[in-house]
Amino acid sequence: MSESKRFKRESITFEYLPNEVCVEVFGYLNGVDTVYAFSSLKLRFQSLINNYVDIFNFKSVSKKKFCFVIQHRNIKRWRSLCLSNNDDTPGQIKLFCQLFPSTKYIHQLQSLTILNTQRTDTERFLLQVPLFNNLVSLSIENVCGVSIQTINLPKLQRLTLTSCKYTSWLMNCSSLKSLEYTIRKKNCSHRDKLVFPKTITRLKIYYNEYSDGKDIRGLLRQMPNLTILALFDNSGYHLLPNGKIWEVLITSCLPLLKSFQFYFSFKQYPVLLNDLNAMIETFSTPFYLLEKRWFVRCHRDPERTCYGFLYSLPFAFTQLLMNASAYKTSISTSPVDDINQIKNNHYAKVNTLIVNGVREEPPIYLLPSNIICLTLNDKLSKSWLYLLKELRYLHIEDRANMSSNDFVQLLEHTPNLQSLTISIEELEKLTNKLKHKIACEYLSERIKSLTITSSDYSLCRPDSGHVTIRALSLLTRILSSKCEHLSLAIKANPNSVRPILQRMTQLRSLHIQWAREFTVSDWFQEQSTDSTALDFVHIKDKQEFFIWFGNHF
């Protein structure tokens, strides 16, 4: 008797699985996807979703899915919420606030993330935050501390923050343990001394000015409970780092510190090899190498001897700047020389590369499976291409000095590419005025998001960076089958632009920079006076227009 006859193969549908198995499956999914996929099944699943699905991340979801989930779930039972105004979902936070104008619907949240929104919108949303007495984790961007200084979050333990240096309001967060803080002073004139709660044990700070570094060292002297510290200093104009200063600060003020991770860039003239050796010596004392076992690596550009950067190992950040010639002169205190161990341990977190110079061979320690974002300020040689098989996001600067053949070669080796950011001048150069057959076929097959940036010529040529009707027609023909997001500047009349954009059947979000003031009716005929009933959400900011569609344009 054959095996197939002896053993009858049994199959079971998902609907007949035990509740425990279903709940475990739900745990691996975002709540948005769970609701969208399983809400049409039996009432038993409705009950399971209501009782066990409480984490909802709306980042990058379609408007159709967003509205479906909002309408079909009891939002008062949610425990975690993420809203985002990124390129895929402009206006999402505005729509959510229109649908739920009061925090009585979400006061029970334990985790809240607000991403990619304008400062005024963020602050308006956060004015309701004092009612979130259960909030344990909060992530917010683009806020001024002065505007939210009345906030009191007694249970907050984890905070990710992008704001100015006015941080006095953090003293109201009496349970705060973990803080990731990016100092961004754009459009904010407030100046205040940095101050953090002494309860913090984990601290990561990103900053871009030399004065910030001095303020941070002063702040650290008042934080004796720190166990983990990470600093990313991208100020550029900076003296050579001095390990002795940090050794004295840590031994005297940070007795509990177990991990010290950093990235320090410097630009000091002149810098001789002896100066670099002396700097490395300050990080080679018994305190660093024996007691703490903290190791560093330094790279210096031999062509521009004043420039370089020093960082701790393992590398603690996701973004790595690649100055090609700088990697030819590398000094490290690490005793590890096994390449596989360096690959797996020292640079495992790196997923974003910024390449600033031609280099024949890439660093041997980068992991190809990790690199998903790439910014090119120069062309890459063929030896780099094996690193890019998982690349999804590509930004090409005007000074990249690439040919159309270089571009095709790059596209050929990036099968997972989804997003391209480039100026229209550079794109036309690399695609022979959008007529290079092979390049255009690759773009058509892969690109879901295209952002047309202003070019380096914009200061001397007023029309530079604006997409012409001819170029727009060619772009829509190339991208009509897959592109879901488009961002561009244009001067043409909306009546000429609309029928062209309507060819993009997959378009779900649009960002337009127009040359003059306009109204929504210039671009759309609003079918309802109720903004929540519209098939699109829009945000207007002077001469910029962001639209999030439910269905076709």
>> Take the conditions assigned to a strand (DSSP E or B), crowded, with 17+ Cβ neighbours inside 10 Å and either among the small types (Gly, Ala, Ser) or at pLDDT 90 or above (or both) and apply them to Leu391. Does it pass?
In response: no
> Under the condition of being of a type outside the set (Phe, Trp, Tyr) and part of a helix (DSSP H, G or I), which residue from the range 166-180 is least open to solvent (accessible area, probe 1.4 Å)?
Replying inline: Leu170
> Can you tell which of Glu441, Glu412, Glu426 is under 24 Å from Ser381 (Cα atoms) and in contact with a helix residue (DSSP H, G or I) (Cβ under 6 Å, 6 or more places away or on another chain)?
Replying inline: Glu426
> Given the residues Leu81, Leu95, Leu115, which is the only one that is crowded, with 19+ Cβ neighbours inside 10 Å and touching an Asp or Glu at 6+ places or on another chain (Cβ under 7 Å)?
Replying inline: Leu115
> Can you pull out the residues in the range 34-54 that are open to solvent by less than 80 Å² (accessible area, probe 1.4 Å) and either closer than 20 Å to Thr89 by Cα or among the aromatic types (Phe, Trp, Tyr) (or both)?
Replying inline: Thr34, Val35, Phe38, Phe45
> Has the range 465-478 got at least one residue that is at pLDDT below 90 and more than 18 Å from Ser419 (Cα to Cα)?
Replying inline: yes
>> Just to be sure before I move on: is Arg392 of a type outside the set (A, V, I, L, M) and over 24 Å from Phe315 (Cβ atoms) in the structure I sent?
In response: no
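The values are calculated or read from the model by the stated rules, or taken from the named source; none is laboratory data. None of the values given here were measured: they were computed from a predicted structure. Counting neighbours? That spans all protein chains shown, and the Cβs are built from the backbone with ideal geometry, glycine included. The area values use the complete protein model at the heavy-atom level, side chains included, leaving out ligands, DNA and RNA. Shrake-Rupley method; radii C 1.70, N 1.55, O 1.52, S 1.80 Å.
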